[in-house]
Amino acid sequence: MQITSLDEYKKNYQLSIDQPEEFWAGIAEKFLWKRKWDKVLSWNFSEPNIKWFEGAKLNITENCLDRHLEKDGDKPAIIWEPNDPHRDSITLSYKILHEQVCRFANVLKKNDVKKGDRVCIYMPMVPELAVALLACARIGAVHSVIFGGFSAKSIADRINDAACKIVITADGAFRGNKQIPLKEVIDDALIGCPTVERVVVLTHTRTPVSMLKGRDIWWEDEIKLVDTDCPAEEMDAEDLLFILYTSGSTGKPKGVVHTIGGYMVYTGYTFANVFNYQPEEVYFCTADIGWITGHSYIVYGPLSQGATTLMFEGVPTYPDASRMWQIVEKHKVNILYTAPTAIRSLMSFGLEPLNGIDLSSIRVLGSVGEPINEEAWHWYDKNIGKGNAPIVDTWWQTETGGIMISPIAFVTPTKPCFATLPLPGVQPILVDENGKELIGNGVSGNLCIKFPWPGMLRTTYGDHERCKLTYFSTYENLYFTGDGCSRDEDGYYRITGRVDDVINVSGHRIGTAEVENAINMHSGVVESAVVGYPHEVKGQGIYAFVIFPKAHEDETLTRQDILKTVTRVIGAIAKPDKILFVSGLPKTRSGKIMRRILRKIAEGDTSNMGDTTSLLDPAVVEEIVLKRNTMDKLELKGK
Ligand code: WT7
């Protein structure tokens, strides 16, 4: 399954285009099926209707666990590194992980979770989180993991959208020097969630919690009541594996749906190839399992390939900026997969945190989440890779399930800031605004994919029309990514960022409409507009222009109020970095906010505003520019 030379890549790529079904069938053969498929692929992008490996039966956990037991039962599957460096790390062999998954799967069964039921998971980055995902998959339940940074209201919306029957959580989570009271947040969320019958609570931080009689049960108690024998449920390749909510340009997050067979094949294949994983290696992805990167490249991809995957509970800067490098040294990490925002943040501490640390185990470096800037790329290459570890800059999305455009370590070339070439099976095209294909090299436009790949989303939960509208209606017969992209003279792809109203903050997608809705919930707010602006560490920051007639009474306090509101409604991850109080917003005569102008103002580039003649009231722009400059001066003084 692993490609070993450029020539082989080219041959595989060509085959994957000419005979996609043969190509993917060949890859799928390497996995364990209870019954093989009748048809590799049937599809159309108009409904859309996409089916991979139709008729096949399998259980993904047999691929991630059972099939490794005989040869690799004692091999570490998960190495867990706690938030507190003084606590011991934990290693779970494939045998132990299998046992724990089966046990917890029986707990789910005992609590009446059945095939097809939806399970909400809101947990810290502990091994039990991986166990919970796999236990769902073992019995055919559909997991919906919610990142620990989301608020009670966000959780409630997601639980209700999927009508989850059960919630798996913990008393709390450690994140650096902070503690997050997970169970308390869940209690608040569940006030408005009639479908939830059970809450399983793992003891972790020992934060006091209140347990509701008849609803809440302890993880530790439950696992004592069941045995470790749990046969894997036979699933259809196109049965749901999970739902993962992601933000888009409208106010409401979408539940991206991935199905079992295609997702397994795609994440396993891309993991093995992109990172060139070798049998005894330790692989460390710093993402949180609350995001797609964690699903695909901490849990399913590595485990289906029998890899050793390292899970880190904490943050790269706790207790200090050497933590990530300490972990690499301690566990002799061979492959490190992280985000540009983490690199930039660690870069800002200089080279001192690297002093005396042995990084010689590093063989491959990866980047994901946003375009990596040149400075960060070179810093990563020079100081972490010591100039001889290829950097795979992996472009993909929650919706694509796995990596799409990326170098393949030791096989295809790398180039700073470029995701470079499509992986086998991926057919990117660039189009102009009218959907006309841009042929040849040295062009830039909107990035689309013109042929299905096994890891792609199948629908958005409960609303297929929305899936069609968001991804398959902008351009006929194409999957639209929402990203701008250029193809250079060598044919390498470079992602330039979102072209819709989505901001990428520290590699996390945040919809501007969602943040605006949250801000507008504050009783004093009349209207708001949110845009992204370049941020040194986060990549993009959130800039909010807010009409709040009484703000002048105490702007600082009002700002804090608004931040609180956003934290309540969405979660701390969506807090604006800057709030500017204004008396009006630039609008067209038809009432549409001209974000282009606000983006320019937020960037501080007010020299050339472009065409403002269609504005209802051009004077409003001058006022905003003036206010912005005053705020800048105040901030400088404050520093
Ligand atoms: C958006 C997807 C894929 C896992 C993490 C984010 C941006 C992602 C790259 C990259 C440039 C990137 C895109 C994409 N993005 N990786 N290597 N180079 N941009 O998943 O939350 O679904 O966000 O992240 O804009 O559309 P996500």
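The GluC sites (Glu not before Pro) of region 522-557 that DSSP puts in a loop, and whose beta carbon has at most 16 other beta carbons within 10 Å, are GLU536. Summary of the geometry: region 353-372 and region 201-260, compared by the centres of their Cα atoms, lie 32 Å apart. When only Cα pairs under 8 Å and 6 or more residues apart are kept, what is the percent relative contact order across region 498-639? Contact order relative to length: 20 percent. In region 524-604, Cα pairs under 8 Å separated by at least six residues give a relative contact order of 34 percent. I want the antiparallel fraction of DSSP beta bridges within the chain, as a percent rounded to 5. Close to 60 percent. In a reduced charge model with +1 at each Lys and Arg Cβ and -1 at each Asp and Glu Cβ, region 502-638 shows a dipole moment near 280 debye about its Cα centre. Taking the average, over residues, of other Cβ atoms within 10 Å as the packing measure, peptides 364-373, 482-491 rank 364-373, 482-491 from highest down.
Tell me the relative contact order for the chain as a rounded percent, counting alpha carbon contacts under 8 Å between residues six or more apart. It comes to 12 percent, rounded to a whole number. Counting only Cβ charges, +1 for Lys and Arg and -1 for Asp and Glu, the dipole size of the chain around its Cα centre is about 660 debye. When each of MET264, MET404 is scored by the number of other beta-carbon atoms lying within 10 Å, the sequence from fewest to most is MET404, MET264. The alpha-carbon of LYS252 sits under 19 angstrom from the alpha-carbons of these aspartates and glutamates, leaving out residues fewer than 8 places away in its chain: ASP157, ASP161, GLU399, ASP463, GLU465, ASP500, ASP501, GLU514, GLU516, GLU527. This model, with +1 at the C-beta of Lys and Arg and -1 at the C-beta of Asp and Glu, gives region 42-97 a dipole about its Cα centre of some 140 debye.
Each peptide among 428-441, 96-109, 589-602 gets the average number of other Cβ atoms lying within 10 Å of its residues, and from highest to lowest they stand as 96-109, 589-602, 428-441.
What fraction of the DSSP beta bridges in region 523-639 is antiparallel, stated in percent and rounded to the nearest 5?
70 percent
Among the trypsin sites (Lys or Arg not before Pro) in region 125-200, none sits in a DSSP loop with a Cβ that has at most 15 other Cβ atoms within 10 Å.
Within the shell defined by Cβ-Cβ distances under 13 Å, the residues around ALA342 carry a net charge of +1, with Lys and Arg each +1 and Asp and Glu each -1.
What's the exposure ranking of LEU580, LEU303, going from fewest to most Cβ atoms within 10 Å?
Numbers: LEU580 21, LEU303 26.
Exposure proxy ranking, most exposed first: LEU580, LEU303.
Can you return the lysines within cross-link range of LYS633? Criterion is Cα-Cα under 23 Å, with same-chain partners fewer than 8 residues away left out. Candidates past the 8-residue exclusion: LYS538, LYS550, LYS575, LYS578, LYS600. Applying a DSSP loop filter and a limit of 15 other Cβ atoms within 10 Å to the GluC sites (Glu not before Pro) in region 4-43 leaves GLU29. For the chain, a/c is less than 1.5, where a ≥ b ≥ c are the root eigenvalues of the C-alpha gyration tensor. That puts it in the rounded class. The spacing between region 289-349 and region 54-92, judged by their C-alpha centroids, is 16 Å. Dividing the summed helix terms, -39500 (n - 2.57) for each DSSP H run of n ≥ 4, by the number of residues in the chain produces a 222 nm estimate of -8500 deg cm²/dmol to the nearest 500.
No value in this document is a laboratory result; all are computed from the given coordinates. Please read these numbers as outputs of a predicted model, since none were measured by experiment. Note: ideal-geometry Cβ built from the backbone for every residue, glycine included; neighbour counts use all protein chains shown.
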